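Quick one: the structure is below, and I'll ask about it shortly.
The values are calculated or read from the model by the stated rules, or taken from the named source; none is laboratory data. What you are looking at is a predicted structure, and each value in this text was computed from that prediction instead of being measured. Here Cβ is always computed from backbone atoms with ideal geometry, including for glycine, and neighbour counts include all displayed protein chains. Note: areas computed on protein heavy atoms with side chains; ligands, DNA, RNA excluded. Shrake-Rupley method; radii C 1.70, N 1.55, O 1.52, S 1.80 Å.
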Amino acid sequence: MTARPDAPLKVTGRARYALDNTADGGVGEVGTAYGYLLLSTVAGGELAAMDVDAVRAAPGVLGVYTPFEPLTLHPVDSVLLGPMWLPLQDKDVRYHGQPIGFVVAETFEQARDAAALAEVTYHERPTATSFSDGIDSAVDAQPAARQVPPSLTVLSDGVESIEDALAASDVTVDATYETAPQNHAALEPHSALAVWADGLLTVYTGNQASHLVAADLASALGLPAEAVHVDNPVVGGAFGGKATSMPAVLASAAARALGRPVKAALTREQVFTATANRPATMQRVALGARRDGGLVAVRHDSWSATTRDLGFVEPTSHGTSREWYSTENLAISQKAVPLDMPPATFMRAPGEAPGSFALESAVDELADALGMDPVALRRRNSSMAPAGEDLQWSSKHLDECFDIGAARFGWADRTPGGRAEGDWLVGMGTATAMFPGLRFPATVGVTLHADDTAAVATAGADPCTGLLGVLRTVGAESLDVAPERVSPRLGDSRLPPGGLSGGSTATASAGSATMVAASTAIEQLLALAASAGGPFHGHEVGYARGSVHALDAPDREPMTFGEVLAATGRTSLAATGSTAPGEETTKHSFGSWGAQFCEVRVHRLTREVRVSRLLGVFDAGRIINPQTARGQLMGGMIWGVSAALHEGIEFDADGRVSNHDLADYLLPVNADIPDVDVRFVEHPDTLLSDLGARGLGEIGIVGVAAAVANAVHNATGIRVRRIPIRIEDLLAAG
Ligand code: MOS
């Protein structure tokens, strides 16, 4: 049994991604048209005029839409993203690469070539496109996805300020760290096919939650929710960047205007600006400790690049220093730096990923200042609960992660100055990883069939995370049948609403709802079996191993659920189950934890950095599917290496992305990545949900960049406080 039910389709090329679909049914003889986005070429101002006569006259052009002749769209208050910016509805230009037009033609090439003929003039305004341009206008801002104020201070009795607490500490470190903006760079660019038939709209588009994207599209088009069907059985990566789909909005509206199916996709270059990115951050972390390593004061101030409307603030301080260590005094803050830049949004471990680079580098610096082992310092200060709250962690086995990790990695061999092997300087680094344990409301459908198979279905999406396999495993376990007999389904907005892929919540949410749906289905099956006309009429019935048996007649042959259904003249029996976070959230705090270990080799002369070993040991509750869980964590860890050594969007002086392709936007390749060792300590967290699983989709990336930087410091003595680390950083200081 494969751990990934969708693997055969994917490896044989038969999986249908959004643009692999073709329009059919209800559209008569008219074929599919192709849309191409036109993007702004200045970073800020107002559109003065768009001369599109030549565009219209170009071969094959069917429709040209601009803010001067827009497609009609209605305001959207998205469940996931709040009020959404919609293209072509106003003449404001807020960044270089903003969608300002949509050209539809008979072919993709015709649309693209025609779009190039547009003559656009702007009333430009002065813009700020680099962190330093905007830092003086930074304002306090609520961190994204955290229902908390921008800043929080928790002081011990008698302490006046965090500065006093730092000043009273035996040892302090105080440094500023920077992290680069990143693009999700999912292999499947944002794309859509929109097909109208009889007033109903079907949209094939990759996303993270088909039901939520369908609701947003219905709002944008002014339609009732049931008039929109979103289809995404497979998704070519999302990472937080597919909570919405710009091509889907435009293709749907243009398809309605033209009366033809419309396909639209972003080019790779367009993905970098016409979606949203992880923002650049700057973070100042000051730590104060007693000689024995006990933390007296933690101060973490963060600045996150945002759009001028302060859209998304990367919750770096709140995602890390708020919760990870126990300290007598804590002060954290979040500020937004408004810029004329492409918008920011969620990206794998939003907050925790860049936040952990700063905090976990600072902890390493503190260990150095104290002359203490970095693992020992972390263990010494491990938190029992988030600061200022009484809610203890439901289950936290971080010490065990460090114990196992240190032993496995040979941490005891680490020396403060690293070691040399020929021309290579070898160093080891470590860091803590954490991601909150969350779950969202979910409804899952379980259907028993007369052929003794079962279906488990929820709307959501599986953007290669493994949720499909989780539905199968949990469904099989809950129905007490072999996994082969369970078909999971995801990625269809008409299915029960659940399975959102975000916040590392899908397994705990959809998994626990699957358990409820399965037990409801079994109850209904038993009622049916014992009903008048049922094969067990007059008996007390029980259920085990996929079969109904008579409790009061042990000798009587059990009947499989399929046989019971057949005996009552049914082909199937369907039940749904729903779960939602409840009271437990007021009694405990929840988080997955991990210990990251990294070994690097830095060339003595060229200063090339190679990651030579990587180990992550994770405490994520019960592991449902070890194979896909390992895949998720390994992928995250590799992204952490990427953040540390490769990845970063570069903007030129006028706010244009200068490395908007996969040649210049550096991502690690196989040759950059060593064997990645992933281990679990399995302590089911049944306080979070009956399933016992906590999230693990995002925690893999957390802490890795710091572990790399800490290893580089161990190897070279050079502390690099900005990622990605470049050779120049190690040459200049070396
Ligand atoms: Mo994910 S960054 O929680 O969509």
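Looking at segment 689-734, which of its residues are in contact with a strand residue (DSSP E or B) (Cβ under 6 Å, 6 or more places away or on another chain) and β-branched (Val, Ile, Thr)?
Selection gives Ile699, Val702, Val704, Val708, Val712, Thr716, Ile723.
What's the total number of residues in segment 469-505 that are more than 16 Å from the ligand (Cβ to nearest atom), under 23 Å from the mean Cα position of the chain (by Cα) and among the polar types (S, T, N, Q)?
The total comes to 2.
Got a sec? Which of His660, His683 is in a loop (DSSP other than H, G, I, E, B) and farther than 30 Å from Ala580 by Cα? Quick ask: steps written out before the conclusion?
Values: His683 fails: farther than 30 Å from Ala580 by Cα.
The conditions single out His660.
Look through Gly422, Gly429, Gly418 and report the one residue that is out of contact with any Lys or Arg (no Cβ under 8 Å at 6 or more places or on another chain), farther than 15 Å from Thr514 by Cα, open to solvent by 10 Å² or more (accessible area, probe 1.4 Å) and in contact (Cβ under 8 Å) with a residue 12 or more places away in the chain. I'd like the intermediate steps shown before the answer.
Numbers: Gly422 fails: in contact (Cβ under 8 Å) with a residue 12 or more places away in the chain; Gly429 fails: open to solvent by 10 Å² or more (accessible area, probe 1.4 Å).
Sole residue among the options that is out of contact with any Lys or Arg (no Cβ under 8 Å at 6 or more places or on another chain), farther than 15 Å from Thr514 by Cα, open to solvent by 10 Å² or more (accessible area, probe 1.4 Å) and in contact (Cβ under 8 Å) with a residue 12 or more places away in the chain: Gly418.
Residue-by-condition table, conditions (1) open to solvent by 20 Å² or more (accessible area, probe 1.4 Å); (2) in contact with a Gly (Cβ under 7 Å, 6 or more places away or on another chain); (3) away from the ligand (no atom under 16 Å from the Cβ); (4) assigned to a strand (DSSP E or B):
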{"site": "Ser304", "(1), (2), (3), (4)": "no, no, no, yes"}
{"site": "Asp309", "(1), (2), (3), (4)": "yes, no, yes, no"}
{"site": "Thr316", "(1), (2), (3), (4)": "no, yes, no, no"}
{"site": "Lys335", "(1), (2), (3), (4)": "yes, no, yes, yes"}
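Out of (1) touching a residue at least 24 places away in the same chain (Cβ under 8 Å); (2) in contact with a strand residue (DSSP E or B) (Cβ under 7 Å, 6 or more places away or on another chain), the odd one out for Pro83 is which?
(1)
Limited to segment 505-517, what total is found for residues that are open to solvent by less than 10 Å² (accessible area, probe 1.4 Å) and assigned to a helix (DSSP H, G or I)?
Matching residues across segment 505-517 total 8.
Is at least one residue of segment 543-557 open to solvent by less than 20 Å² (accessible area, probe 1.4 Å) and of a type in the set (Phe, Trp, Tyr)?
The answer is no; no qualifying residue exists.
Taking segment 649-665 as the region of interest, how many residues are in contact (Cβ under 8 Å) with a residue 40 or more places away in the chain, surrounded by 16 or more Cβ atoms within 10 Å (Cβ to Cβ) and touching a helix residue (DSSP H, G or I) at 6+ places or on another chain (Cβ under 9 Å)?
5
Of all residues in segment 461-481, count the ones that are within 30 Å of Val704 (Cβ to Cβ) and either modelled with pLDDT under 95 or outside any helix (DSSP H, G or I) (or both).
Residues meeting the conditions: 6.
So, in segment 34-45, how many residues would count as being in a strand (DSSP E or B) and under 29 Å from the mean Cα position of the chain (by Cα)?
5
Out of (1) within 19 Å of Ser151 (Cβ to Cβ); (2) among the β-branched types (Val, Ile, Thr); (3) part of a loop (DSSP other than H, G, I, E, B), what's the single condition that is false for Val285?
Against the list (1) within 19 Å of Ser151 (Cβ to Cβ); (2) among the β-branched types (Val, Ile, Thr); (3) part of a loop (DSSP other than H, G, I, E, B), Val285 comes up short only on (3).
Can you give me the number of residues within segment 318-333 that are out of contact with any helix residue (DSSP H, G or I) (no Cβ under 6 Å at 6 or more places or on another chain) and either away from the ligand (no atom under 16 Å from the Cβ) or under 18 Å from Ser130 (Cβ atoms) (or both)?
10
Mind checking which residues of segment 470-486 are open to solvent by 10 Å² or more (accessible area, probe 1.4 Å), of a type outside the set (A, V, I, L, M) and on the phi < 0 side of the Ramachandran plot?
Within segment 470-486, Arg472, Thr473, Glu477, Ser478, Pro483, Glu484, Arg485 qualify.
Now for a separate question. Here are some conditions: (1) within 16 Å of the ligand (Cβ to nearest atom); (2) surrounded by fewer than 16 Cβ atoms within 10 Å (Cβ to Cβ). Ile701 meets all but one. Which one does it not meet?
Among (1) within 16 Å of the ligand (Cβ to nearest atom); (2) surrounded by fewer than 16 Cβ atoms within 10 Å (Cβ to Cβ), the lone unmet condition for Ile701 is (2).
To continue, here is another question. Please work out if Asp664 is at pLDDT below 95 and more than 16 Å from the ligand (Cβ to nearest atom).
Numbers: at pLDDT below 95: no; more than 16 Å from the ligand (Cβ to nearest atom): yes.
The answer is no for Asp664.
Where in segment 342-460 are there helices (runs of 4 or more DSSP H), lying wholly inside it, with at least 3 residues that are in contact with a Ser or Thr (Cβ under 7 Å, 6 or more places away or on another chain), more than 16 Å from the ligand (Cβ to nearest atom) and modelled with pLDDT of 95 or more?
Values: elements: 352-370, 374-380, 398-409.
The qualifying helices (runs of 4 or more DSSP H) are 352-370, 374-380.
Additional query: Scan (1) open to solvent by 10 Å² or more (accessible area, probe 1.4 Å); (2) among the aromatic types (Phe, Trp, Tyr); (3) more than 16 Å from the ligand (Cβ to nearest atom) for the single condition Tyr177 breaks and write down its number.
Every condition holds for Tyr177 apart from (1).
Further question: Taking the residues in segment 318-333 that are assigned to a loop (DSSP other than H, G, I, E, B) and farther than 25 Å from Pro83 by Cα as candidates, determine which candidate is most open to solvent (accessible area, probe 1.4 Å). Even if it seems obvious, please write down each step before you answer.
As a first pass, look at segment 318-333 and keep what is assigned to a loop (DSSP other than H, G, I, E, B): 318-324, 326-328.
When the remaining residues are screened for being farther than 25 Å from Pro83 by Cα, the result is 320-324, 326-328.
Details: Thr320: 0, Ser321: 6, Arg322: 31, Glu323: 28, Trp324: 2, Ser326: 55, Thr327: 30, Glu328: 78 Å².
Residue satisfying both the conditions and the ranking: Glu328.
Follow-up question, since we're still on this one. Against the definition (over 32 Å from the mean Cα position of the chain (by Cα) and either modelled with pLDDT under 95 or more than 19 Å from Gly466 (Cβ to Cβ) (or both)), how does Val564 come out, yes or no?
Yes: the conditions hold for Val564.
Considering only residues that are part of a helix (DSSP H, G or I) and within 16 Å of the ligand (Cβ to nearest atom), which ones fall in segment 206-254?
Let us first name the residues in segment 206-254 that are part of a helix (DSSP H, G or I), namely 210-221, 225-227, 246-254.
Correct list: Ser210, His211, Leu212, Val213, Asp216.
Which of (1) away from the ligand (no atom under 16 Å from the Cβ); (2) at pLDDT 95 or above; (3) under 30 Å from Gly351 (Cβ atoms); (4) not hydroxyl-bearing (Ser, Thr, Tyr) does Leu193 not meet, given it meets every other one?
(3)
Could you grab me the full set of residues in segment 670-680 that are in a loop (DSSP other than H, G, I, E, B) and either touching a helix residue (DSSP H, G or I) at 6+ places or on another chain (Cβ under 9 Å) or at pLDDT 95 or above (or both)? Before the answer, list the steps.
Initially, segment 670-680 is screened for residues in a loop (DSSP other than H, G, I, E, B), giving 673-675.
Those that are in a loop (DSSP other than H, G, I, E, B) and either touching a helix residue (DSSP H, G or I) at 6+ places or on another chain (Cβ under 9 Å) or at pLDDT 95 or above (or both): Ile673, Pro674.
For the structure I just gave you, tell me whether Thr273 is more than 16 Å from the ligand (Cβ to nearest atom) and either crowded, with 22+ Cβ neighbours inside 10 Å or at pLDDT below 95 (or both).
Details: more than 16 Å from the ligand (Cβ to nearest atom): yes; either crowded, with 22+ Cβ neighbours inside 10 Å or at pLDDT below 95 (or both): yes.
It is true that Thr273 is more than 16 Å from the ligand (Cβ to nearest atom) and either crowded, with 22+ Cβ neighbours inside 10 Å or at pLDDT below 95 (or both).
Within segment 518-528, identify whether any single residue is open to solvent by 40 Å² or more (accessible area, probe 1.4 Å), away from the ligand (no atom under 16 Å from the Cβ) and on the phi > 0 side of the Ramachandran plot, and answer yes or no.
no
Still on this structure, I have one more. Please state which of the following conditions Val154 fails to meet, knowing it meets all the rest: (1) crowded, with 16+ Cβ neighbours inside 10 Å; (2) out of contact with any Ser or Thr (no Cβ under 9 Å at 6 or more places or on another chain); (3) among the hydrophobic types (A, V, I, L, M, F, W, C).
Only one criterion in (1) crowded, with 16+ Cβ neighbours inside 10 Å; (2) out of contact with any Ser or Thr (no Cβ under 9 Å at 6 or more places or on another chain); (3) among the hydrophobic types (A, V, I, L, M, F, W, C) is unmet by Val154, namely (2).
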